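The values are calculated or read from the model by the stated rules, or taken from the named source; none is laboratory data. Since the model is a prediction, treat every value here as computed from it, not as a measurement. All Cβ positions, glycine included, derive from the backbone under ideal geometry; neighbour counts span all protein chains shown. Heads up: the accessible areas ignore ligands, DNA and RNA and are worked out on the full protein's heavy atoms, side chains in. Shrake-Rupley method; radii C 1.70, N 1.55, O 1.52, S 1.80 Å.
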Number of protein chains: 2
Amino acid sequence: MRVQPVEGDAFGDMLIDELGAPGVAEIVERDDGHIFATPAARYVAVGEEWPELDRAAVAACAGRVLDVGAGAGRASLALQQAGVPVLALDTSAGAIAVCGSRGVSDTFHGEVGELANQDQPVWDSVLLLGNNLGLLASPKQAPQFLDALAAVTSHGARIYGRGTDPYRTSDPLHLEYHDRNRTAGRPGGQLRLRVRHRRTATGWFDYWLTSADELVEVLAATPWRLEDLHHSDQQDYLAVLVKR
Amino acid sequence: MRVQPVEGDAFGDMLIDELGAPGVAEIVERDDGHIFATPAARYVAVGEEWPELDRAAVAACAGRVLDVGAGAGRASLALQQAGVPVLALDTSAGAIAVCGSRGVSDTFHGEVGELANQDQPVWDSVLLLGNNLGLLASPKQAPQFLDALAAVTSHGARIYGRGTDPYRTSDPLHLEYHDRNRTAGRPGGQLRLRVRHRRTATGWFDYWLTSADELVEVLAATPWRLEDLHHSDQQDYLAVLVKR
């Protein structure tokens, strides 16, 4: 009687449950059957608990800030408390509800591409925290996403994007996944994932972990260029992109 | 290109990874698509960190102890350090390896039913910690398991079994699962589960959460009777069974 999970807002449900009773795990499944759980607590962590590169990204934001993939609103809250105008955007209805209940004033439920037609103000800084350069999704989808960000941002705007170099690993399961991707004509780090929570799963989505070289390559055909790159001593980095 | 996990010793792999680098999650999937992650740290916890009922069970053990479903050997280690003779048994090869590397002297990789023919000593106390009354599996399988324990234990032996009353919940997903079970002629709390770790999953197995009444009912046809029952203020309890 094996039944698949029900498709729904597993990510938002996970944040709602973490808010209600801390200790929840975020469970992410990859399409090769790999599964991984990490504490959801990092979505509600405060500044001093963040990775150094997150703090650097938020500190560098100037002007009006668009927080893309805002999650539980940790960055939006920090900026708001510092008097910086910020809009928290997330495609998860649950995430946006959590942002609201945690006190984020300005929220938007939807995609970046849905912002442009809504008489929204123009943003000067874009945050892609929590590995959200992964939202570039794939070489094919990335230009669309970056064009959409260009359309709603000011001249000289910057994107502060947190990424992970997928190739800084010796994990055989990841290396094998990279190989399969390459065989299929995809970059090694283009993951196909879903989030699972209780009996719910998000739909499968592409999440692209790019090396710095891959990032520069995909930017070439977009209005953005890599201005600066800060690596941690792990796999993760902060990329600063500036609008040409 | 959706691929299922590879069948293997996910439980043992999880313990091995937790031993190598703490912070690992135990991910358990139910056959209705429900999934749940909890910290694997509890498998290596020491006595003062245990639930009160675990401490009570280990303190009550007398004579030679059989630790069934020993996991990472936390109870076996505590008993051994107190000078109590104990055998750690687990069907997971990885768990038994972890027991050994953590210093458990006597281990057995296999089922209880495989012990009898091996000229093993006779046990006076049996531990079923960590919810391991669930190993009763189903009304059909429980008598076999309890008979096997009777065959390797002394006259007047006791089982100290930790259980969970599945009906002390208001969680709609669990209540719905109970209903489906009853419709199919199974007790509400008879779960079908598998453990997942990285790209590996155990096979699906039955794990029966019994109420005290259900426990008494299934014991009737076995050499064991319920001698004592201690409830926590949660769903879980410690059942003391004595051999007739």
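Could you state how much accessible area is buried at the B-A interface, both sides summed, with a 1.4 Å probe, in Å² to the nearest 100?
2600
Calculate one ³J(HN,Hα) per residue across segment A:170-183 by plugging θ = phi - 60° into the Karplus curve 6.51 cos²θ - 1.76 cosθ + 1.60, and present them in order as whole Hz with x for glycine and proline.
Along segment A:170-183, the couplings run 10, 5, x, 5, 6, 4, 5, 5, 4, 4, 4, 4, 4, 4 Hz.
If you count, for every residue in B:25-36, the Cβ atoms of partner chains within 10 Å of its Cβ, what is the mean? Let's see the in-between values first.
Details: counts 8, 2, 7, 0, 6, 4, 3, 7, 10, 8, 13, 6.
Average neighbour count from other chains, rounded to a whole number: 6.
Report the rotationally averaged projected area of segment A:1-114 based on its alpha-carbon convex hull, in square nanometres. Provide the component values of the computation, followed by the final result.
Details: hull surface 35.6 nm².
Average projection, Cα convex hull of segment A:1-114: 8.9 nm².
Which aspartates and glutamates have a Cα less than 14 Å from the Cα of residue B:243, not counting those fewer than 8 places away in the same chain?
B:124, B:147, B:227, B:228
Suppose you put the label 7 Å out from Cα in the Cβ direction; list, shortest first and in nm with one decimal, how far residue A:229 is from each other copy's label.
Sorted ascending, the copy-to-copy spacings read 6.4 nm.
How many nanometers, to one decimal and shortest first, lie between the label point of residue B:49 and those of its other copies, if labels sit 7 Å from Cα toward Cβ?
For residue B:49, the other copies' label points sit at 1.9 nm, shortest first.
Please state the Cα pair-distance histogram of segment B:58-213 with 5 angstrom bins from zero: what percent is in each bin?
Spelled out bin by bin, segment B:58-213 gives 2, 9, 16, 20, 19, 14, 11, 6, 3, 0 percent.
With every protein chain left in place, what is the accessible area per residue of the protein assembly as shown in square angstrom, probe 1.4 Å?
Using a 1.4 Å probe on heavy atoms only, each residue of the protein assembly as shown averages 43 Å².
I'd like the projected area of the protein assembly as shown, averaged over all directions, using the convex hull of its alpha carbons. Report it in nm² with one decimal.
The directionally averaged projection comes out at 24.8 nm².
If ligands, DNA and RNA are left out, what is the accessible area of residue A:16 with a 1.4 Å probe, given in Å² to the nearest 10?
We get 80 Å² for residue A:16.
If the cut-off is 15 Å between C-alpha atoms, which aspartates and glutamates fall inside it for residue B:140, apart from same-chain ones fewer than 8 positions away?
B:206, B:214, B:217
Shortest first and in nm to one decimal, what separations exist between residue B:176 and its copies in the other chains, measuring from label points 7 Å along the Cα-to-beta-carbon line?
3.4
Averaged across orientations, what area in nm² does the convex hull of the alpha carbons in segment B:106-172 project?
Details: hull surface 23.8 nm².
Computed as one quarter of the Cα hull surface, the answer is 6.0 nm².
Please work out which residue of chain B brings its Cβ closest to the axis of the rotation superposing B onto A, and round that distance to whole Å.
Whole-Å result, nearest residue of chain B to the axis: B:37, 2.
Considering only protein heavy atoms and a probe of 1.4 Å, how much of the accessible area of chain B is carbon and sulfur, as a whole percent?
After summing per-atom areas, the C and S share lands at 52 percent.
Among DSSP bridges having both ends in chain B, what percentage is antiparallel? Round to the nearest 5.
For chain B, the DSSP antiparallel bridge percentage is about 65.
Local charge sum around residue B:161 (other residues, Cβ-Cβ under 14 Å, Lys/Arg +1, Asp/Glu -1)?
Spelling it out: positives minus negatives among the neighbours equals -3.
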